[in-house]
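K.L.:
Let me begin by handing over the structure; questions about it come next.
The values are calculated or read from the model by the stated rules, or taken from the named source; none is laboratory data. Only a predicted model underlies this, so the values are computations on that prediction, with no experimental measurement involved. In this analysis, Cβ positions are derived from the backbone assuming ideal geometry, glycine residues included, and neighbour counts consider all displayed protein chains.
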Amino acid sequence: MTNNFLPTHPYLSIALATLGLGAFQCIFIYYIMIKDSEKRHLQLLDKINHLNDEILLTKGEIIQLNKQLFKCKKNVTFYDDLNENILKKYKYSSSSSIMSDSLYLDVSENFKDFINDNPTIASEDNFQKMHDIINFDFKTIDEQLENHENLAAYNALKALYDESNENKKDIELLWRLCRACYQRGSEFAAKDSKRKEFMFEGKKYGEEAVKIDDTNINVLKWAAACTGQSTDFMGTKEKIETGHYFKSLLDKALSIDCSEYTLLHMRGRFCFSVASLSWIERKAASAFYATPPSATYEEALADFLKVEEIKNGEWLENLLYIGRCYYQISDKSSSLKYLKMALECPTNKGEAEKDMLNEVQALMKKCSK
């Protein structure tokens, strides 16, 4: 009796061997498939991680693009009455976005998550500050400045400036605040301490803005305006030094737009001031500069007349300067012509304009002698 476990029949042995080989092949193929699946799984995970990185980067780029877009919009809308001394609330403008409101809000919320997950890039606090400053709507402020509602515009902009350190670096806020200071200060009489206070404050904002961007026409224009007015409260040395900076601002601004009438008026005033320098002041200027500034009343008059072509009898101060120039070059009849126009010029009867009208009348008496 045979005790062999394996059958001795040759065909059965072959069948079993074939079956065993087939099973091995199936196991091997399954193993290869598992390995291939694992490899593809790892590749897929790698692609997913790469896509996640690109999504995070894209979110950041979207926020930056929106920041640039919103700054171009130049808008701030506030809940509170802007005539209040302290602005307490402001709202976001959804109309400034190139995307739908829902899409922008989704991006904002997702980007907040990104910031939280990446504390080395920025804090939640910094994100909120960036989110705030890029959503301001300056439309109301611009309308107030154009309508010379200067106190309301100044209060709103100053509250915004004091809100955070980030706001203090915003170029669109800085030049508007500089302009508001100039327009507010111009409401006071020539030697009034409040006029001096606003002009020097505006000069500070203008200098901050110029450091950030010295190619922005609005920055250069209003920085020059406050700088020029501030020299009325300076001694000879400081006035000469500041006058050099003032002229550099004008030159840069006029190289961008040589027909901007406020810049032409300021250049005319600069020429008039230089032409009016006393002998002592000219000597002082020579001590500071190898080539001290020089200008004539005729050069000043040319700029003022260009402005008059644009304003057509609507700017009291410019008409007064035309009258001054003609008087200095001994053309009293032409001086009287423009001084009479100045008397008929519409004004808001502020302290500064009252002073100018008094000077107009005094100069008319001189021309009549």
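K.L.:
Being at pLDDT below 90 and aliphatic (A, V, I, L, M) is the filter here, so list the residues in the range 117-165 that pass it.
P.N.:
Once the filter is applied, which keeps residues that are at pLDDT below 90 and aliphatic (A, V, I, L, M), the range 117-165 yields Ile121, Ala122, Met130, Ile133, Ile134.
K.L.:
Could you tell me whether any residue of the range 348-365 is surrounded by fewer than 14 Cβ atoms within 10 Å (Cβ to Cβ) and aliphatic (A, V, I, L, M)?
P.N.:
So the first thing to find is which residues in the range 348-365 are surrounded by fewer than 14 Cβ atoms within 10 Å (Cβ to Cβ), and the list is 348-349, 354, 358, 361-362, 365.
Then drop every residue that is not aliphatic (A, V, I, L, M), which leaves 362.
Yes, that holds for at least one residue.
K.L.:
Give the residue, chosen from Ser248, Ser230, that is without any contact (Cβ under 8 Å) to a residue 40 or more places away in the chain and surrounded by 23 or more Cβ atoms within 10 Å (Cβ to Cβ).
P.N.:
Working: Ser248 fails: surrounded by 23 or more Cβ atoms within 10 Å (Cβ to Cβ).
Being without any contact (Cβ under 8 Å) to a residue 40 or more places away in the chain and surrounded by 23 or more Cβ atoms within 10 Å (Cβ to Cβ) holds for just one of Ser248, Ser230, which is Ser230.
K.L.:
With respect to the numbered conditions (1) hydrophobic (A, V, I, L, M, F, W, C); (2) crowded, with 24+ Cβ neighbours inside 10 Å; (3) within 24 Å of Ser273 (Cα to Cα), which one is the sole condition not fulfilled by Ile217?
P.N.:
Of the numbered conditions (1) hydrophobic (A, V, I, L, M, F, W, C); (2) crowded, with 24+ Cβ neighbours inside 10 Å; (3) within 24 Å of Ser273 (Cα to Cα), the odd one out for Ile217 is (2).
K.L.:
Give the range 232-252 a look and list any residue that's closer than 13 Å to Pro293 by Cβ and β-branched (Val, Ile, Thr), or say none.
P.N.:
At the first step, the residues of the range 232-252 found to be closer than 13 Å to Pro293 by Cβ are 239-248, 250-251.
The answer is Ile240, Thr242.
K.L.:
Which of the residues belonging to the range 174-226 are of a type in the set (Ser, Thr, Tyr) and either in a helix (DSSP H, G or I) or touching a Lys or Arg at 6+ places or on another chain (Cβ under 6 Å) (or both)?
P.N.:
To start, the set of residues in the range 174-226 that are of a type in the set (Ser, Thr, Tyr) comprises 182, 186, 193, 205, 215.
Those that are of a type in the set (Ser, Thr, Tyr) and either in a helix (DSSP H, G or I) or touching a Lys or Arg at 6+ places or on another chain (Cβ under 6 Å) (or both): Tyr182, Ser193, Tyr205.
K.L.:
Answer with yes or no whether Tyr297 is among the aromatic types (Phe, Trp, Tyr), closer than 26 Å to Glu187 by Cα and surrounded by 14 or more Cβ atoms within 10 Å (Cβ to Cβ).
P.N.:
Numbers: among the aromatic types (Phe, Trp, Tyr): yes; closer than 26 Å to Glu187 by Cα: no; surrounded by 14 or more Cβ atoms within 10 Å (Cβ to Cβ): yes.
It is false that Tyr297 is among the aromatic types (Phe, Trp, Tyr), closer than 26 Å to Glu187 by Cα and surrounded by 14 or more Cβ atoms within 10 Å (Cβ to Cβ).
K.L.:
Let me ask something additional. Could you please tell me which pairs satisfy a Cβ distance under 9 Å, a separation of 6+ or placement on different chains, a first residue in the range 346-362 that is farther than 14 Å from Gln183 by Cβ and outside any helix (DSSP H, G or I), and a second residue that is modelled with pLDDT under 95 and among the basic types (Lys, Arg)?
P.N.:
Thr347/Lys354
K.L.:
Something else: Find all pairs meeting these conditions: Cβ atoms under 6 angstrom apart; at least six residues apart or on different chains; first residue within the range 296-309 and farther than 15 Å from Met266 by Cβ; second residue hydrophobic (A, V, I, L, M, F, W, C).
P.N.:
Thr296/Ala275; Tyr297/Ala275; Tyr297/Cys325; Tyr297/Ile329
K.L.:
Being surrounded by fewer than 18 Cβ atoms within 10 Å (Cβ to Cβ), under 31 Å from the mean Cα position of the chain (by Cα) and among the aliphatic types (A, V, I, L, M) is the filter here, so list the residues in the range 306-331 that pass it.
P.N.:
Ile310
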